[in-house]
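Input: one structure, supplied below.
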4 protein chains.
Amino acid sequence: MDTKTKKDLKDNFMTTSRIETLVDGIFAISMTLLVLNLDVPQLVSPTTNLIIIDYLISLIPKFYVYALSFILLAVFWRINHQAFHRIKRSNSIFTWINVMWLMFVALVPFSTSLMGEYGEFQAATLFFHFNMLCIGILSLISWRYAFKNDLTTVKLTEKSYRNSIKVYMLFPIVCLVAIALTFISPSWSSLAYMGMFLFKKIKD
Amino acid sequence: MDTKTKKDLKDNFMTTSRIETLVDGIFAISMTLLVLNLDVPQLVSPTTNLIIIDYLISLIPKFYVYALSFILLAVFWRINHQAFHRIKRSNSIFTWINVMWLMFVALVPFSTSLMGEYGEFQAATLFFHFNMLCIGILSLISWRYAFKNDLTTVKLTEKSYRNSIKVYMLFPIVCLVAIALTFISPSWSSLAYMGMFLFKKIKD
Amino acid sequence: MDTKTKKDLKDNFMTTSRIETLVDGIFAISMTLLVLNLDVPQLVSPTTNLIIIDYLISLIPKFYVYALSFILLAVFWRINHQAFHRIKRSNSIFTWINVMWLMFVALVPFSTSLMGEYGEFQAATLFFHFNMLCIGILSLISWRYAFKNDLTTVKLTEKSYRNSIKVYMLFPIVCLVAIALTFISPSWSSLAYMGMFLFKKIKD
Amino acid sequence: MDTKTKKDLKDNFMTTSRIETLVDGIFAISMTLLVLNLDVPQLVSPTTNLIIIDYLISLIPKFYVYALSFILLAVFWRINHQAFHRIKRSNSIFTWINVMWLMFVALVPFSTSLMGEYGEFQAATLFFHFNMLCIGILSLISWRYAFKNDLTTVKLTEKSYRNSIKVYMLFPIVCLVAIALTFISPSWSSLAYMGMFLFKKIKD
């Protein structure tokens with residue numbers, strides 16, 4: 001096949017706007033699907049106010065993971081938007097790194113349900129933290145790739161790039177801390193993410 | 001870390017367009033997920049027309065909360081759009097107020113299901129009204145923050161700001177009325193929202 | 001309250017772009033949620049190829065209503081886009097007509113599931129056709145309101161308006177035919193919609 | 001009816017932007033709904049770490065089809081965006097080809113669940129591959145129609161069109177290979193899609 005034509009067909013449309021619409025859609029849907037983690041039960045008859053209150057209290061761990069995942073996805077979405085504000089070109093590899101990243105983003109409703117249901121077991125919390133770790137690492141790879149391959153609008157200085165990479169490395173490190181914490185207490189391991197917010201507050 | 005670079009990385013992309021796409025997505029999905037509150041049952045055999053009609057009649061409370069939640073979400077979405085028409089800058093705190101707000105918006109399908117299933121119990125209706133109250137208060141906080149921190153395009157006069165705040169306070173008050181009504185009759189408490197529409201009609 | 005300020009706050013943002021994003025979102029989600037009408041069963045063990053084939057064959061009525069609803073929603077979405085191409089201003093009443101219309105659009109996944117499950121019973125098919133009728137009538141009301149209140153870009157002539165109204169009336173009439181047909185055969189009543197496509201073909 | 005008015009009403013809005021928003025929405029939702037294929041079970045008590053690990057291991061075939069479908073949908077979405085980058089006009093027939101195409105795209109979460117649950121049975125894998133085949137063929141028809149009816153921006157040369165058609169034919173051929181492979185081993189038949197990626201790598 002005529003390489004020029006093929007290359008032309010491929011590279012012609014190499015702006016990032018296309019991937020951005022998909023990103024926004026998948027984030028909005030994933031964040032909203034988190035609510036399916038909370039379900040309304042067929043309570044045993046005769047239902048009373050007390051039974052409903054008891055049920056809602058038993059849902060507290062699920063409300064907690066709902067809020068946690070919602071906020072973490074919002075963090076990622078925000079980081080991505082900040083990155084894409086600076087990235088103006090794209091290519092096949094960059095697109096596919098982002099598709100892989102979205103695959104783990106779309107998996108979050110499942111990990112959230114799993115941790116909501118079995119948050120006291122290490123296997124469930126490990127799955128959640130690994131999911132978050134994959135998202136964080138793919139974010140880092142995506143940003144690194146964009147910088148190394150000149151996809152950014154204004155050429156960043158080496159120094160400001162190195163600084164930004166530190167920001168991108170914070171999240172994977174937090175995930176690793178959370179993973180380590182599951183060996184002490186699965187139920188409390190997700191507090192590592194809270195640590196991240198405190199840390200950011202102090203540094204600012 | 002070099003504060004300037006970091007600040008630059010953060011503030012560079014401080015328009016509101018980014019949060020608007022997320023808002024629109026989450027509203028559209030939450031409004032459509034309300035329908036999952038209505039489910040098609042495996043009716044006992046032998047199924048007859050009468051059994052289906054009976055089932056549909058038994059769904060009336062669920063149709064009612066479906067319509068109620070759909071309309072309330074549309075009200076919030078409209079208020080938000082009117083606000084964002086005037087807000088042109090954003091910052092970290094403003095974004096996070098809005099993410100919190102969206103977290104309660106995305107929770108509405110759950111509260112709706114709960115009230116649809118157990119609308120005659122105070123616990124379920126209280127949960128619904130508290131969810132609405134949180135949305136209303138966060139709307140108010142978001143608008144207040146935008147005004148106080150000069151995020152609006154054209155500087156509003158103190159007077160027109162005070163008038164707009166009254167509009168924003170209407171909804172939380174209605175929620176409090178609804179909460180009070182649950183102590184009299186949970187099933188009828190949601191009529192408080194109807195009162196809001198009548199009130200607006202009379203004032204206009 | 002100062003009426004001018006309030007009016008200003010309300011009318012300031014009276015373009016249609018805002019409602020269009022909600023329309024597009026709700027249509028895309030409703031059309032995709034139709035698939036939840038099809039579910040993958042826990043088949044009795046031992047599962048064989050034949051059991052799966054039998055199950056897929058038993059799903060044929062559900063595939064049919066999936067396709068029917070998908071196409072009907074696509075028709076409505078297209079009609080709406082053609083209308084909004086001509087409508088450039090909006091007001092409160094117009095917005096609320098459209099919200100009501102969207103409420104019935106978002107209900108379609110439920111009606112579809114109901115007809116998919118109980119398509120041989122009049123009650124289920126009537127519900128579906130009434131849902132479609134409401135969508136069709138609200139489309140007509142919305143377009144009529146836009147024309148009568150000068151919300152259209154270019155003033156249409158009375159004649160071209162009357163012609164366009166005929167197009168908008170076609171669908172409610174088809175729904176009424178479908179409703180009438182349920183008294184003869186619920187299962188075949190939805191063929192009325194096919195009639196509409198044939199009719200349009202012949203007239204063109 | 002006055003043909004000119006009707007034609008005018010129809011053709012007036014013949015840009016592709018309208019169908020693009022629907023395409024983006026349906027893809028984002030379908031890709032995210034794939035996650036519903038993975039469900040969190042009510043495990044038998046007493047739950048242990050081992051039981052959760054066993055369950056997660058038993059999910060591996062479902063994770064595999066999740067990733068496969070996510071990537072295949074991303075491929076189609078990308079191909080569509082490349083095509084729509086070149087297509088600037090639209091007409092009724094073109095719109096309807098794309099609606100049909102979207103109908104099969106929105107069906108993917110079902111086929112994915114079916115193959116995830118019964119991937120070792122030929123009936124389930126055949127259903128999945130036929131779904132993909134329909135998507136691939138409708139993509140090809142859509143592109144062919146756009147070229148033959150001058151809907152593209154810049155007139156492509158016959159040669160570059162013929163080259164592009166080869167790209168569009170690759171996917172249906174891969175589907176046919178997958179279909180053939182189900183007669184040997186349903187479980188491994190989906191590896192045909194991997195073959196496609198390898199093939200593209202080698203040719204590039």
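Which of the helices (runs of 4 or more DSSP H) contained wholly in the stretch A:114-204 include at least 2 residues that are out of contact with any helix residue (DSSP H, G or I) (no Cβ under 9 Å at 6 or more places or on another chain)? Before you say what the answer is, go through the steps one by one.
On the way: elements: A:122-148, A:158-182, A:186-189, A:191-203.
Output list reads A:158-182, A:191-203.
Can you name the number of the only condition in (1) buried (at least 21 other Cβ atoms within 10 Å of the Cβ); (2) more than 12 Å from chain D (Cβ to nearest Cβ) that residue C:91 fails?
(1)
Output the residue which, of all residues in the stretch A:28-65 that are in contact with a Gly (Cβ under 7 Å, 6 or more places away or on another chain) and of a type outside the set (Val, Ile, Thr), is farthest from the other protein chains (Cβ to nearest Cβ).
Result: A:61.
Is it the case, given these coordinates, that residue B:123 is free of Cβ contacts under 8 Å to residues at least 12 places away in the same chain and within 14 Å of chain A (Cβ to nearest Cβ)?
Values: free of Cβ contacts under 8 Å to residues at least 12 places away in the same chain: yes; within 14 Å of chain A (Cβ to nearest Cβ): yes.
So residue B:123 passes the test.
Now for a separate question. Can we say residue A:184 is more than 14 Å from chain D (Cβ to nearest Cβ), over 14 Å from the mean Cα position of the chain (by Cα) and buried (at least 18 other Cβ atoms within 10 Å of the Cβ)? Let's see the steps before the verdict.
Values: more than 14 Å from chain D (Cβ to nearest Cβ): yes; over 14 Å from the mean Cα position of the chain (by Cα): yes; buried (at least 18 other Cβ atoms within 10 Å of the Cβ): no.
In short, no.
If residue C:129 satisfies every condition in (1) crowded, with 20+ Cβ neighbours inside 10 Å; (2) over 19 Å from the mean Cα position of the chain (by Cα) but one, which is the exception?
Failing condition for residue C:129: (2).
Among the residues of the stretch C:61-118, write down those that are without any contact (Cβ under 8 Å) to a residue 60 or more places away in the chain, farther than 26 Å from residue B:38 by Cβ and of a type in the set (Phe, Trp, Tyr).
C:94
Hey, does the stretch C:142-158 have a residue that's farther than 24 Å from residue C:23 by Cα, surrounded by 14 or more Cβ atoms within 10 Å (Cβ to Cβ) and at pLDDT 80 or above?
No.
The values are calculated or read from the model by the stated rules, or taken from the named source; none is laboratory data. This one's a predicted model, so the numbers in the text were calculated from it and none came from an experiment. Using ideal geometry, Cβ is built from the backbone for each residue, glycine included, and neighbour counts are taken over all protein chains shown.
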